[in-house]
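Here the structure comes first, spelled out in structure tokens, and everything after it is commentary.
The values are calculated or read from the model by the stated rules, or taken from the named source; none is laboratory data. Keep in mind it's a predicted model, so treat the numbers as computed, not measured. Glycine also receives a Cβ, built like all others from the backbone with ideal geometry; neighbour counts cover every protein chain displayed. The accessibility values were calculated without ligands, DNA or RNA, using every heavy atom of the protein model including side chains. Shrake-Rupley method; radii C 1.70, N 1.55, O 1.52, S 1.80 Å.
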Amino acid sequence: MEISAQNVWLMLSSAMVLFMTPGLGLFYGGMTRAKAALNMIMMSFISAGIVGVVWVLWGYSMTTGDGILGLFGNPFAHFGLQDLVGTPDLIKAGFAATFAIITVALISGAIADRAKFGAWAVFVPIWVTVVYCPLAYMIWGGGLMSAGGALTDIFGQVIDFAGGAVVEVSSGTAAFVLALIVGKRHGFAKDPNHRPHNVPFIMIGAAILWFGWFGFNGGAATTAEQAGLIWNNTLVTPAAAMLSWLVVEKIRHGHPTSLGAASGVVAGLVAITPSCANISPLAALCLGLVAGAACCVFVDLKYKFGFDDSLDVVGVHFGAGVIGTLSLGFIALPQDGVGGGLLYGGGPQQLIAQIVAVLVTILLSGLGTLVIGRAIHKTIGFRVTHEHEVTGVDLTQHAESAYEFGLTPHGHFRQQQAHLSSLIKRKPAPAGPAAEPASGSAKEDSFA
């Protein structure tokens with residue numbers, strides 16, 4: 001058997017990135033209430049299942065090859081990946097699939113505790129097809145913002161090595177729109193029980209994400225020199241972001257927290273994603289300090305503006321994604337002595353290209369998510385009922401519980417169902433004239 005070291009590394013990186021999705025499930029699952037933990041983990045797992053199938057059938061085809069108006073590739077060009085059998089391109093196709101999987105899984109954190117699992121399962125393949133694949137094609141696959149693309153000829157070549165725009169800004173934008181469509185959780189910003197129920201889960205999930213991110217950023221490295229730069233940048237940026245987040249948290253709230261440390265790490269990882277191969281380690285350190293401090297402030301904006309981004313997808317992934325993508329306009333290293341960011345005397349061209357990439361991503365993801373989300377919400381409904389939300393989406397959506405307290409025999413589906421039925425039939429007694437109706441629909445709090 002003969003296989004190149006680069007192909008071995010790409011296969012290992014693919015496995016590392018795939019491992020990030022269950023890691024994200026743990027990270028998100030720990031941040032929810034106990035009665036929604038399994039549902040949150042399942043939303044990550046089902047994303048892997050659905051996108052894996054979509055990718056083989058038409059997803060990969062839409063991100064590469066001859067395109068249609070520079071917007072997306074021919075969905076039938078590599079249908080079923082049949083024509084790639086016997087070629088090393090199958091490894092690249094598998095690597096690309098893992099990016100699509102975690103991108104859509106990231107969105108789920110914005111609608112934790114209150115979304116129908118079936119509605120999410122419908123949303124995933126449509127969003128990947130309509131939003132992710134065209135965006136990946138436009139920036140990475142030969143489209144409008146790739147080398148020789150129409151927008152590149154006008155505004156310059158965007159740098160997005162591992163997905164600052166394609167993955168982070170797109171998922172953060174979609175999370176914001178979907179949070180508005182689904183609406184706020186009952187008791188948002190008032191109920192103390194909305195706090196994370198399992199901080200060790202969060203820390204383990206963040207550790208898995210950090211581990212997998214070395215494959216996420218480094219999988220596409222083509223030389224040892226580039227791989228070394230990526231590895232060190234992927235180390236120092238989240239490290240610095242964690243420290244700056246904790247300092248800001250201590251100043252603002254009086255205590256550095258475990259949740260803050262984990263969130264700071266993720267913010268740093270997001271920020272370095274687009275620039276991991278194009279900035280120096282010192283610049284990466286400074287980027288981490290900025291991203292960690294800024295995102296610590298960003299996550300509180302949901303309370304000020306009144307949108308329920310349950311697990312801070314907008315504050316961390318959109319916020320750090322925009323910071324990391326735009327930072328290249330200032331700190332990108334010159335290539336062969338040419339170009340670079342403003343701080344290297346490269347002029348404004350790179351910053352303009354990065355701004356255009358962010359705006360196109362926000363426009364495509366925002367409009368695409370709005371159409372998909374509202375269509376699902378108006379037909380099958382995206383949100384569970386008030387009773388099911390109070391009971392907990394683990395029981396109502398999956399007939400399971402993350403923690404067995406002896407209420408029902410574990411594993412007996414019919415007994416679980418009987419217990420569930422008895423729970424949801426109990427309507428909470430109104431506390432007074434201003435009490436929230438027990439049978440209130442999701443539309444009371446949603447952007448419907």
Long-range alpha-carbon pairs in the stretch 188-264, meaning those over 21 Å apart, account in percent for 43
Please list 3J(HN,Hα) in residue order for the stretch 35-47, calculated via the Karplus relation 6.51 cos²θ - 1.76 cosθ + 1.60 where θ = phi - 60°; whole Hz, with x for glycine and proline.
7, 10, 5, 5, 4, 5, 5, 5, 5, 6, 5, 5, 4
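Hey, any idea what % of the stretch 23-169's accessible area is carbon plus sulfur with a 1.4 Å probe? Intermediate results must be reported in sequence, preceding the final value.
On the way: 3340 of 4600 Å².
About 73 percent, which is the carbon plus sulfur part of the accessible surface.
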Note: residue 11 to residue 252 extended length (0.36 nm per residue) minus current alpha-carbon separation gives 82.4 nm
For the chain, with +1 on Lys and Arg beta carbons and -1 on Asp and Glu, the positive-most of 373, 146, 385 along the dipole:
385
Sorting check: for 212-221, 281-290, 187-196, which peptide has the highest mean count of neighbouring beta carbons within 10 Å, and how do the rest follow?
212-221, 281-290, 187-196
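Largest first and in whole Å, what are the equivalent-ellipsoid semi-axes of the chain based on the Cα gyration tensor, each being the root of 5 times an eigenvalue?
Details: eigenvalues 274, 124, 87 Å².
In descending order, the three semi-axes are 37, 25, 21 Å.
In the chain, which longest range has no GluC sites (Glu not before Pro) that are both DSSP loop (not H, G, I, E or B) and surrounded by at most 14 other Cβ atoms within 10 Å?
Answer from the scan: 3-403.
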Need the list of aspartates and glutamates near residue 250 for cross-linking: C-alpha distance under 15 angstrom, and skip anything on the same chain fewer than eight residues off.
300
In the structure shown, do any of 35/116; 35/378; 184/302; 35/190; 116/378 have a Cα-Cα gap over 22 Å, and if so which?
35/378
Near the amide H of residue 383, under 5 Å away, which other amide H atoms are found, from residues 5 or more places off or on another chain, if H is placed in the peptide plane?
116
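Leaving out ligands, DNA and RNA, what percent of the accessible area of the stretch 186-282 is carbon and sulfur, probe 1.4 Å?
On the way: 2780 of 4020 Å².
Carbon and sulfur atoms account for 69 percent of the accessible area of the stretch 186-282.
Give a quick list of chymotrypsin sites (Phe, Trp or Tyr not before Pro) in the stretch 46-138 that DSSP marks as loop, anything other than H, G, I, E or B, with at most 15 other Cβ atoms within 10 Å. Please list the in-between numbers first.
Numbers: sites: 55, 58, 60, 72, 76, 79, 95, 99, 117, 120, 123, 127, 132, 137; in loops: 76.
Taking the stretch 46-138 and a limit of 15 other Cβ atoms within 10 Å, the loop chymotrypsin sites (Phe, Trp or Tyr not before Pro) found are 76.
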Straight-line reach only, C-alpha to C-alpha below 15 angstrom: list the aspartates and glutamates that residue 92 could link to, leaving out same-chain residues fewer than 8 apart.
83
Expressed as a percent, the portion of alpha-carbon pairs in the stretch 165-229 spaced more than 19 Å apart is 63
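Place the peptides 232-239, 171-178, 154-161, 84-91 in order of packing, highest mean first, counting for every residue the other Cβ atoms within 10 Å and averaging per peptide.
On the way: 232-239: 22.9, 171-178: 27.8, 154-161: 21.2, 84-91: 12.6.
The packing order, highest mean first, is 171-178, 232-239, 154-161, 84-91.
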For the chain, whose charge dipole is built from +1 on Lys and Arg Cβ atoms and -1 on Asp and Glu Cβ atoms, the candidate among 99, 65, 118 with its Cα farthest towards the positive end is 118
Taking only Cα atoms of the stretch 62-198, what ratio of Rg to Rh do you get with Rh as the Kirkwood inverse-distance radius?
1.06
I'd like the FRET efficiency for residue 121 and residue 367, computed as 1/(1 + (r/R0)^6) with the beta carbon distance as r and R0 of 30 Å, rounded to 0.05.
0.85
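Treating only the Cβ of Lys, Arg, Asp and Glu as charged (+1, +1, -1, -1), what charge dipole size does the chain show about its Cα centre? Round to the nearest 20 debye. The partial results should precede the final answer.
Working: 21 positive and 24 negative charges, 291 e Å.
Result for the chain is approximately 1400 debye, rounded to the nearest 20.
Listed highest first by mean packing, meaning other Cβ atoms within 10 Å per residue, what order do 269-277, 373-381 come in?
Details: 269-277: 30.1, 373-381: 16.6.
The peptides rank, most packed first, as 269-277, 373-381.
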Cα-based Debye curve of the stretch 191-343 sampled at q = 0.10, 0.11, 0.15, 0.18 Å⁻¹ gives log₁₀ I(q)/I(0) of -0.35, -0.43, -0.75, -1.02
Span from the the stretch 60-128 Cα centroid across to the the stretch 7-34 one, whole angstrom
17
